[in-house]
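The values are calculated or read from the model by the stated rules, or taken from the named source; none is laboratory data. Here the structure is a predicted model, which is why all the values come from computation and not from measurement. All Cβ positions, glycine included, derive from the backbone under ideal geometry; neighbour counts span all protein chains shown. When the accessible area is computed, the model is the full protein with side chains, heavy atoms only, and any ligands, DNA or RNA have been set aside. Shrake-Rupley method; radii C 1.70, N 1.55, O 1.52, S 1.80 Å.
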Amino acid sequence: MNFDAKTRRASFTDEDLFYAHIAGMDSFALGLKVANRLIEDRVFDVFIEERYSSYKEGIGADIVSGKADFKSLENYILDKKEITNQSGHLEQLKNTLNHYIVQEAYQSVNA
């Protein structure tokens, strides 16, 4: 791993590279801690379960199981009076991830 420490950069001495690698490893360690907490708290699992819950019943389950064909999908959609798009809540998910990163960084500094 070189953490982008190249001799063409302004910081190229052995000391500079030493500190660059320390900072890089600290970043990897923090990322690992954040990933572990996200897994333990099932943050993404819950999000994915809610986002794709419509695939567990009705037409969604038919699509997943392979029972649905183009004709059944056409009939399904033609019977719909109104189609409502649902937000993917990507910004909320990004904020949640950022919260975990900031919280873990804060705990690391104050440990």
Probe 1.4 Å, all chains present, heavy atoms only: ILE48 accessible area in Å², nearest 10, is 90 Å²
Rounded to the nearest 10 Å², the accessible area of HIS89 using a 1.4 Å probe with every protein chain kept is 100 Å²
Under 20 Å from the Cα of LYS71, which lysines turn up, not counting those fewer than eight places away in the same chain? LYS80, LYS81
Taking region 59-110, which trypsin sites (Lys or Arg not before Pro) meet the DSSP loop condition and have no more than 16 other C-beta atoms within 10 Å? LYS67, LYS80, LYS81
Computed, not fitted: 222 nm per-residue ellipticity of the chain from DSSP H runs ≥ 4 (each -39500 (n - 2.57)), nearest 500, equal to -21500 deg cm²/dmol
Cleavage-rule hits (GluC sites (Glu not before Pro)) in region 43-111: DSSP loop, at most 13 neighbouring Cβ within 10 angstrom: GLU57, GLU82
Given the Cα-Cα distance of HIS21 and ALA105 and 0.36 nm per residue of separation, how much length would full extension add, in nm? 28.4 nm
Within the chain, excluding any chymotrypsin sites (Phe, Trp or Tyr not before Pro) found in a DSSP loop (not H, G, I, E or B) and having at most 15 other Cβ atoms within 10 Å, the longest uninterrupted segment runs 53-111
